[in-house]
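All remarks here apply to the structure that follows.
The values are calculated or read from the model by the stated rules, or taken from the named source; none is laboratory data. Note that the coordinates shown come from a computational prediction; the quantities given were computed from them, not determined experimentally. Note: ideal-geometry Cβ built from the backbone for every residue, glycine included; neighbour counts use all protein chains shown.
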């Protein structure tokens, strides 16, 4: 019985870690998209994109700065560091694979877009690899 509890606790611990990383991935991906489409990413753009308050954006940007994923100065645009760009590209790649996999299964575009937003953060490398192979068929 205790082995099962330990197994479950590892699983939940992994999910909690993935949930923390989910915010990082969403933010760097959004910052990357904003820079590509508008030439810059600002706190107000991110607040609008995520539908959250500016203080929430500020808190998360501080976290991204501390992890060296972005450079940000007060009242200035936000820029991805090299490390942030790599994470943004990895996140975008995962998102595209999951989205295309769901579309290939016949799921409607709207639902596939919504579902892929959450799945991309929790999919294992093994599952992602198999999804990628399935898409190519």
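Considering region 59-76, the residues that are in contact with a strand residue (DSSP E or B) (Cβ under 9 Å, 6 or more places away or on another chain) and without any contact (Cβ under 8 Å) to a residue 40 or more places away in the chain include one that is nearest to residue 24 (Cα to Cα), namely 61. All conditions in (1) touching a strand residue (DSSP E or B) at 6+ places or on another chain (Cβ under 7 Å); (2) closer than 17 Å to residue 26 by Cβ hold for residue 89, with the sole exception of (1).
Being without any contact (Cβ under 8 Å) to a residue 40 or more places away in the chain and in contact with a strand residue (DSSP E or B) (Cβ under 6 Å, 6 or more places away or on another chain) is true of residue 34.
A Cβ distance below 8 Å, combined with a sequence gap of six or more or placement on separate chains, defines the contacts here; from region 104-126, residues that are surrounded by 10 or more Cβ atoms within 10 Å (Cβ to Cβ) reach residues that are at pLDDT 95 or above and in a loop (DSSP other than H, G, I, E, B) in the pairs 115/107.
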